Every structure is written in C-alpha cells, then in structure tokens.
C-alpha cells in the first residue's frame, strides 16, 4: 500500500512538473491577426504549444462536444466527428538558434483524421503519455442560421454611467422555427472572448415574428475596465516597446517599465488588442521555432499592499488564468509588487488583477474602470429544440464599444 501511494505521488509530481513546462499555448484560425476560437463550422483552427523540456514527448489531442453550459453533451463521438476524436500530434519541431531550447507542437483541426460535423461548444484536451490531461482549451463552431445584431452603449444606470457599458441585441431567425424560446434558446455574452467575463441566463424581453429581442436595463451591463498595458520583445538582445533594461543570465531577462497604482486614475485612450498576444521575432523567419524566451520582470508601485488580496499579471497569454507563476510579491523596502514570467518573444497585452480570499478576480481595482474603454462583445446563440440531442450554435453577433473621438 505504501509503495502504491508513493508511486501515485511520484506520478502526480511528474504530471505537475510536465504541465509547468508547457508554454505558449495558442488555439486560433490560420488567418493573421485573428485571435478568436469562435469560428464558423468548417474553419481550420491551429493548436500550438511548446514543451521546454525539449525531449520530443508524445502528446495527443482529444475533442469533446459540450452543452451550452460546458457539460459533456449526450452525443457520441461518431455523431459529431467523421474520423477519430483522439489522435497523436505528429507535427513536431525543435527550436533553432535559441538560448531556451524547446520542442514545438502543432496540429490543425479539422484534419484528415478528424472532421467535425456539428456546431456547438467543444473542449480540446491535450494528453501526455500517461493519458493525463496536460491542458484544455475551449472553442466554438457556429452555423450562420440566424442573424444576431448587437449594440453597445454607455450604461443607462445613473450609478454606473461612468464605469459600465451595456448591450442590447436581437436574434433574427427567419429559417428556424422556435416554438418555446425560454426553453429552446440560450445565449452567452462574452467580453473580449474571456470566458471568465460572461453573462448567461438571459431571456428575451420582446417577441416578434422570427425575432427575439434582449433589451435589459442593468442585466447586460459589463464593467468597462481599462485599456490593456503592453510590451514587445521582438528584439531579444535590445530594448523594444516598454522594455527599460535587459540582462543576460541563463536566458535573457527583460525588465518592463514600472506601473504606478493611482486610485484617482483618469481614462486615457491607448489602442490595444483586448488582452491578446502574438509571437514574433526580428531575429528569425519562423517565430514558431526561432522566437526565443525571455524572463519578463513586472513591477507595480503601490504605497502599501492591498489588504487580504494577492496581485497577479493577467491576460490571454495563459488563457486569463490565475496561477502561482502570475503572482507578484510585495517588496516593503521598494514599496512595489514584483514578479517574473518566462514568455516567448512577441507582442503582449496584459493588466494587473487583485484576487481576494474568496478567489474573486478583480481587474478594475488597480487600473480602474471607465465607460470609454474600447471592448469587444460576442453574443453566442444556442438552439436546442424540445427533444433535441444537443445545443446547436445557430448564430454569432459581435459588437464594439468605440466612442467617437
């Protein structure tokens, strides 16, 4: 029994360490400057990631069809895939001319072995040699069976008119018969395609022939937040955008310009890509394998630590997740939060978030929240008729808050 317990413990330790060596995960269409994993059915999505152990492990992917609320659906794999729902990733290459060695993996979906035939929510899992899940990513495939119109405006609530944005949207479905919208239709509203910032459980406020309208006063309000901060490490040996200092140790260490917490901060327009990132290097032709890694150092000046809260670097670079690696530690002598994250060369958006003892993430406490902030909102429309087996995604609508300047 003791030997079995030790074996299980060692296996868990190995899997945990293995997962920590996985970096630079992307799931995106092949089109340049498209960061969305919400795409029309039949669109090619590319999954890619790096293993810093650089020992050419075998990884496989697995695809599962999910319900509108991300539970496993009733469909068998043969009902939503032509081919296999699980396959080995065979497109593997090693890094070239980099200080940090790594193995790069990528696979396109659909491919000759896996063709997805139905719309809906999908969970993509990457498995290691022990058939353990190393990481997961969500993606959504939709049909153009309904037209979703979205309008974004300043909050109409007097208490939040300077800090929030609100949505109104309509679902036009001339070719789909919907008998009971309250039971057959579900909608999800996403802010900047971050599944941590969403609104669900919405019912239509008005019904018209072949049209559903959603016009709430407060229920579709989002905090405006602020524009993301950014940096660029396309030059590994020289300073680039918002990099103030570079040191060479085991890898290059890039020190970013410090950010100073200001509770009286006012909004300033700063174009961003809503928290996303893109790999790039000027010292090679193929960023997938020629972009190097740098230890990025973050500094946040604050006169005192945030009471009973931790501070984290936050962005799409790790799927908007709160992890030990993203945590900043307070330096009482310097009166600042400091931390570092190993990141692949490229252009990144990021912000700072506080996390309380209940694990509530607040991205507005440090950077503020303003109605003027430019955000993208996505409305996903799910349709499951009475007696149906699965949630179809019949339409997608996108709206932007973009104040006239």
Between a first residue in segment 94-110 that is in the same structural domain as residue 286 (by TED's automatic domain parsing) and a second residue that is part of a strand (DSSP E or B) and at pLDDT below 95, which pairs have beta carbons less than 7 Å apart while being 6 or more apart in sequence or on different chains?
none
Among (1) modelled with pLDDT under 95; (2) more than 18 Å from residue 317 (Cβ to Cβ); (3) part of a loop (DSSP other than H, G, I, E, B); (4) under 25 Å from the mean Cα position of the chain (by Cα), residue 33 falls short only on (2)
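With respect to residue 190, is the statement that it is in contact (Cβ under 8 Å) with a residue 24 or more places away in the chain and assigned by TED's automatic domain parsing to the domain that holds residue 380 true? Before you say what the answer is, go through the steps one by one.
Values: in contact (Cβ under 8 Å) with a residue 24 or more places away in the chain: yes; assigned by TED's automatic domain parsing to the domain that holds residue 380: yes.
In short, yes.
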Here are 371, 347: which of them is outside any loop (DSSP other than H, G, I, E, B) and in contact with a strand residue (DSSP E or B) (Cβ under 6 Å, 6 or more places away or on another chain)?
347
Residue satisfying all of: in segment 48-88; without any contact (Cβ under 8 Å) to a residue 40 or more places away in the chain and assigned to a loop (DSSP other than H, G, I, E, B); nearest to residue 278 (Cα to Cα) among these:
85
Please give the number of the condition residue 284 fails out of (1) buried (at least 17 other Cβ atoms within 10 Å of the Cβ); (2) in contact with a strand residue (DSSP E or B) (Cβ under 9 Å, 6 or more places away or on another chain); (3) in contact (Cβ under 8 Å) with a residue 60 or more places away in the chain.
(2)
Restrict the check to segment 238-254 and report whether at least one residue is surrounded by fewer than 18 Cβ atoms within 10 Å (Cβ to Cβ), under 18 Å from residue 149 (Cβ atoms) and touching a residue at least 12 places away in the same chain (Cβ under 8 Å).
no
Select from segment 111-142 the residues that are in a loop (DSSP other than H, G, I, E, B) and either under 29 Å from residue 292 (Cα atoms) or more than 22 Å from the chain's Cα centre (by Cα) (or both) and list them in ascending order.
112, 113, 117, 118, 128, 129, 130, 131, 132
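The values are calculated or read from the model by the stated rules, or taken from the named source; none is laboratory data. Please read these numbers as outputs of a predicted model, since none were measured by experiment. Please note: Cβ atoms are built from the backbone with ideal geometry, for glycine as well, and neighbour counts cover all protein chains shown.
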